[in-house]
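Presented below is the structure to which this report refers.
The numbers here are math on the coordinates, done by the rules we state, and not lab data. Just so it is clear, the model here is predicted, and its values are computed rather than measured. Cβ: placed from backbone, ideal geometry, glycine included. Neighbour counts: every protein chain shown.
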Amino acid sequence: MTVRIDQTKCIGSGQCVLAAPDVFDQSDDDGLGLVLVPEPSAELLPGVRDAVDRCPAQVVSLEE
Amino acid sequence: MTETAVCPVLHERDHPLQPPVGFPEAVGDGPVKMLWPNGVEAWIVSSYAGVRQVLSDARFSTRKGGQPEMRTDEGETVLDPDQPGNINGIDGAEHMRLRRPLSRGFMVKRMNELRPRIQQIVDEHLDVMEAKGAPADLVTSLCLPLPSLVIAELLGVPPEHQELFQATAGDLFGKNGSKDEYLAHATKLAEVLAPIVAEKKAAGTNDDMIGLMANDTDFSMDELIFLCIGLLAAGHETTSNFLGLFTLHLFEKPDQLEILRRDPSRADVMVEELMRYTVGQLGGAGLTRRATEDVEVDGVLIKAGDWVSVSLIANLDEELCPRAEELDLERDAVSHLGFGFGPHQCLGANLARAELQIGLRSLFERFPNLRPAVPVTEMDYRDDMITYGAAEIPVVW
């Protein structure tokens, strides 16, 4: 299970941070989404899936 | 060939908090083509999946390309389509160039840092309201001043300019004036903003939104001023209207209000449900796009060049959540479309969330017996098709 953000299309909405604050952050330099925990444990996965769903730019992916 | 249906007049509502008369029936489940009052034909997409698709698919452009703007009234388009800094009228890389630096200013952590200040502004206004005593108008006591004070601080308007700034902004956004009036007020606001921008440039600071735009971007002066006006416009009335509408929905649904009263610590999640439901019930079809290629949406072929309008009545689609037509404050947050979707999703969503969460919670903690002084259905509502809300909310406690 690997979490990725396609930064070329990220708009920095921060929805991933709201959905899974332990897994995502936003860069202080440009506000774009950052993956803090690329291989999250099982208990973090519901939040990650929520982030995938909520991301308005559809750039968060979870590869199983 | 069948004749295109005429869009029901969106301003007529049987109940001020429910969708316009005939609108849910007219749009049904799927893209339908309608003739709008200004003579433009446009598809209306109203399903949850369809709205997400239209708002996130790059083949639907926000550029209006000099074509007649699809409007729900007969008014003329105020905005020059090539206005520099019009972030809602550009796509792709051009849009990203403007959007990204602004996103930085609205980062979740920045919004969290702002929360104590938002709380302070809310508390001060509730203090005044309490001291003056009932009845009070909730709109002027809290709903209107809160977002305009917060956005002014976020932009970094210095205290000595605040009064003139608030008055000018109020003139620009407070009324539904003519195009000439709008332009006159916009020019005045630009004149108020120009020296502020110059000061920030001279100081070289980037710790507020104007400083960030002035010193950390390649924005032109025209772009910068217009973006400031845009941020102000977006932050001024929308949040104010929603704080009012949330309260009115709760007045109309005492069982739901009781859920908030019982556990105000869940106000964060409740605001998501109120946003979903309120935006869905407004049902408006305000976000427009234009297809740049043939695209299929919900099984219907939309041709290149066609206008598409999305209706956020999609927030009441069962595909989003069970019993979607009901307000249920015990529901977990769902991926609603209250702030839109796609690259143009509301830039200030996280700021609006913070204001609405703190505002709503504090309001009912301070006044647990808050209730309308006149029936909700008898209040005055303003509807200029961009924003909708109660002009006054007389309350007692």
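Numbers below:
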item: Other protein chain Cβ atoms within 10 Å, averaged over every residue that makes up B:99-107; result: 6
item: Pairwise Cα inverse-distance average, inverted: Kirkwood Rh of the stretch A:1-60 (Å); result: 11.0 Å
item: Projected label distance in nm at residue B:83 and residue B:183, using a 7 Å step from Cα toward the beta-carbon; result: 1.2 nm
item: Shielding by partners - mean other protein chain Cβ count within 10 Å, residues of A:46-55; result: 2
item: Burial ranking of peptide ranges A:5-13, B:119-127 (average Cβ count within 10 Å, highest at the top); result: A:5-13, B:119-127
item: For the stretch B:352-397 versus the stretch B:308-331, the gap between their alpha-carbon centres in whole angstrom; result: 22 Å
item: The protein assembly as shown shape via C-alpha gyration tensor axes, a/c threshold 1.5; result: rounded
item: Positive-end residue, chain B charge dipole about Cα centroid, Cβ charges, pick of B:51, B:102, B:86; result: B:102
item: Top of B:136, B:167, B:354 by mean-square fluctuation, Gaussian network on chain B, Cα under 10 Å; result: B:167
item: Listed residue pairs exceeding 32 Å between alpha carbons, taken from B:253/B:303; A:9/B:303; A:9/B:109; A:9/B:201; result: B:253/B:303
item: Three-way shape call for chain B based on the alpha-carbon gyration tensor, with the a/c threshold at 1.5; result: oblate
item: Helical segments meeting 18 Å axial Cα length and Kyte-Doolittle 0.0 threshold in chain B (DSSP H); result: B:179-203, B:221-252, B:267-282
item: Centre separation in Å (Cα based) which lies between chain A and the stretch B:85-162; result: 26 Å
item: Per-residue mean of C-beta atoms belonging to partner chains within 10 Å, peptide A:12-21; result: 6
item: Candidate aspartates and glutamates - alpha carbon under 12 Å from residue B:200, same-chain residues fewer than 8 apart omitted; result: B:208, B:216
item: Estimated 222 nm signal from helices in chain B, with DSSP H stretches of n ≥ 4 weighted -39500 (n - 2.57), rounded to 500; result: -15500 deg cm²/dmol
